[in-house]
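Notes follow the structure.
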Amino acid sequence: MGHLIGLRLRLLLLLALLPVTGAALAQAERGELQIKATFLYKFGGFVDWPPGAFSAPDSAVTIGVIGADALAAELERVAAGRNVQGRPVGVRRLKRNESLAGLHVLFVGQGETARLDEILQEAKGRPLLVVTESERSQPRGSMINFVTVEDRVRFDIALAPAERGNLRISARLLAVARKVITG
Amino acid sequence: MRFLFQGTLLQKLLGVVLLSALAALLLAMGAMLAYDLRQYRESGFADLATQAELLGRASAPALTFDDVRDAQESVELLRYRPRVQAAALYNARGKRIASYARDPAATFPTLPESDGFRVEGDSVVGFKRIVDDREIIGTVYLRADYGLHDRLLGYLGIGAVVIFASLLAAYVLSRPLQRALTRPLLAITEVAIEVTEKRNFALRAEKLSNDEIGRLAEAFNTMLAEIGRATRELEASNRDLGREVSERGRAEEEIRRLNAELESRVKERTSQLEYTNAELEAFCYTVSHDLRGPLRAIDGFSQALIDDVGDALPAETKPYLTRIRAATQRMGQLIEDLLNLSRVSRGELQRADVDVSEMARQVAADLQLREPERQVEVKVWDSMRADADARLLRAALENLVGNAWKFTGKAARAEIEIGEMRGELRRVFFVRDNGAGFDMAYAGKLFAAFQRLHSGNDYPGTGIGLATVQRIVQRHGGRVWADSKPGRGAVFYFSLEPAEPAAKFGT
């Protein structure tokens, strides 16, 4: 009997987890793209934006994506209906030279590697969490940089750009970073 | 519990003290234990839940960002909690991504379960979901020592020690108390034994305490005094009684002696009397017999005178001779009667079956023969029988019927009835007449010799007849009595056997 109940509970639990699990299961197939998308919106939970970054207490955390259309699509899917710090998550695909105003997170994909520095320069000093995916090294002005270690998606964190952007990154996030660049 | 009903009072007191102490201790310890174990269980659960919450929070980023290394580090921090046997982190997909076990051989549930903790054997096992931004990001699994058995054992150990120490203390402390209780009792007991052995009621129990036992000692002493007094009284009365008994014995001895003396005297007198009586009767018989000779001579010669010279005698002297003859004949009759009386008194009583009716008819016929001119209606009942001496019974009937005949001499129609009354024990014969009768005031003199109620002129007689009847009846063991009124006739009753075998009747 106890065993039966246990089994049923487990099944229920699995069902409850399905929305997450559905995305997670896709990760195995769609690989790092999905992981990065998930990480991207989840970073928001570990970052404190300065007051005034949000127009209202319930306004969305807006994630701008540039140079990574596939990821943007995945992100839209993953983040749909999710909350970060009690706020809904919005995704915006940015075109070239589009303003960064109103964004809270900016992801610069490898499709814009060439213009990376320019974009980062643009973002500099804004209360904007800048995330990049550079395998070589942490680009100047990038706060979080995805790297692949042993086939797993990890990330490094640079604290100086975040401080300049008046962002506070939670120590708990730092704890799970591969590397924290403090200089 | 048996020892409470056996054993000495000391043991019982000790048993009561130890049992109460034990019961109180067991109850207190049981309650404490129950309370503590409950607390322990709750606090253990709460502790583990907190632990799981902390671990979950610490590992939330690791789970969020799938950082196995960090998750593992977090989990392994539980090394510093020796209570924790095993811990594991499951990610949102239910996959175990980090685990720690004190015992390397430990196994983990393959899938996380719902929130909650439970006891499994001697462990507390439970799961705690990690929620971040309203999203389940993983589950913590914890298994920790419940330690209930150890705690229970520890408690039991402490309990045993406490109980042992308490009982020891109770024992040690109660010893002097018990002695204080039992010493006065033992003192009373010793006095009681001594009193019983020595029968010394002057002994007194010492009052050693002011409690119930003290009162017992007082009551015991009062009882001793009472017993002593009662015993003294009893002994005194015993002495009196002994004296009385011996006095009574002496008196009885005296009475016996007097009785014996009296008896011997009576025997002596009786034999003297019998001798005198026999002599008297012999004398009487001899005198009567010898008197008849001269009397016959007087009578005969008076007759001869009348026959030979009667005519020559002067007319006025002839009646003298006639008177002499009548007197001598009367005297002869008197002598005859005396002889009869004497005869019925002597000789052996020879009982036989007698036809009383026949005998009564013969007696009546004889009387009729003697006086043929009398008209007397004699009624004799049929088939009357008696066990009697025929000769004596006939003499009695002759007297009674003769009296009736005689005293009806002046009646207009003389009637005589001879019958019997049958009682249960004996039968009584009666002779009834309608003659002169007599005054019952003189009934007492009736049966004495020479007593006559009527003058010799009216009814001639010697006054010996009824005495003879009485003698005869008495010799048969019976009784004779009479009932009469002057001028209304008389009834004479007589029985020939005792009313009761041992009883004696008659005057």
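The values are calculated or read from the model by the stated rules, or taken from the named source; none is laboratory data. Everything numeric here is computed off the predicted structure, so don't read it as measured data. Here the Cβ positions follow ideal geometry from the backbone for every residue, glycine too, while neighbour counts run over all protein chains shown.
Taking into account only those residues within the range B:137-162 that are of a type in the set (A, V, I, L, M) and surrounded by fewer than 17 Cβ atoms within 10 Å (Cβ to Cβ), which is nearest to the other protein chains (Cβ to nearest Cβ)?
B:Leu152
What are the residues in the range B:83-125 that are farther than 13 Å from B:Val140 by Cβ and in contact (Cβ under 8 Å) with a residue 60 or more places away in the chain, if any?
The answer is B:Arg83, B:Gln85, B:Val119, B:Val124.
Among residues belonging to the range B:89-99 that are of a type outside the set (Val, Ile, Thr) and in contact with a helix residue (DSSP H, G or I) (Cβ under 7 Å, 6 or more places away or on another chain), point out the one that is farthest from the other protein chains (Cβ to nearest Cβ).
Among those residues, the one meeting the criterion is B:Ser99.
Within the range B:48-65, can you find the residues that are surrounded by fewer than 22 Cβ atoms within 10 Å (Cβ to Cβ), free of Cβ contacts under 8 Å to residues at least 60 places away in the same chain and either farther than 12 Å from B:Lys128 by Cα or away from chain A (no Cβ under 14 Å) (or both)?
Result: B:Thr50, B:Ala58.
Where in the range A:119-183 are the strands (runs of 3 or more DSSP E), entirely inside, with at least 3 residues that are more than 16 Å from the chain's Cα centre (by Cα)?
Output list reads A:179-181.
Given the criteria modelled with pLDDT under 85, within 24 Å of B:Lys12 (Cα to Cα), aliphatic (A, V, I, L, M) and outside any loop (DSSP other than H, G, I, E, B), does B:Leu208 qualify?
Here the answer is no, as B:Leu208 does not meet what is asked.
Hey, does the range A:151-164 have a residue that's touching a helix residue (DSSP H, G or I) at 6+ places or on another chain (Cβ under 6 Å), away from chain B (no Cβ under 14 Å) and closer than 17 Å to A:Gly44 by Cβ?
no
From A:Ser142, A:Ser170, which residue is within 22 Å of A:Gly45 (Cβ to Cβ), of a type outside the set (A, V, I, L, M, F, W, C) and within 14 Å of chain B (Cβ to nearest Cβ)?
Just a single option satisfies the conditions, and that option is A:Ser170.
When you go through (1) touching a Leu at 6+ places or on another chain (Cβ under 8 Å); (2) crowded, with 19+ Cβ neighbours inside 10 Å one by one for B:Asn434, which number turns out not to apply?
So B:Asn434 meets the others, but not (1).
Of the residues B:Glu398, B:Glu420, B:Glu415, B:Glu373, only one is more than 57 Å from the chain's Cα centre (by Cα), assigned to a strand (DSSP E or B) and either of a type in the set (Asp, Glu) or at pLDDT below 90 (or both); which?
The match here is B:Glu415.
Take B:Thr222 and tell me if it is among the polar types (S, T, N, Q), loosely packed, with under 15 Cβ neighbours inside 10 Å and either outside any loop (DSSP other than H, G, I, E, B) or modelled with pLDDT of 85 or more (or both).
Against the criterion (among the polar types (S, T, N, Q), loosely packed, with under 15 Cβ neighbours inside 10 Å and either outside any loop (DSSP other than H, G, I, E, B) or modelled with pLDDT of 85 or more (or both)), B:Thr222 qualifies.
Would you check which residues across the range B:11-34 are of a type in the set (Gly, Ala, Ser) and in contact (Cβ under 8 Å) with a residue 60 or more places away in the chain and list them?
Across the range B:11-34, the qualifying residue is only B:Ala21.
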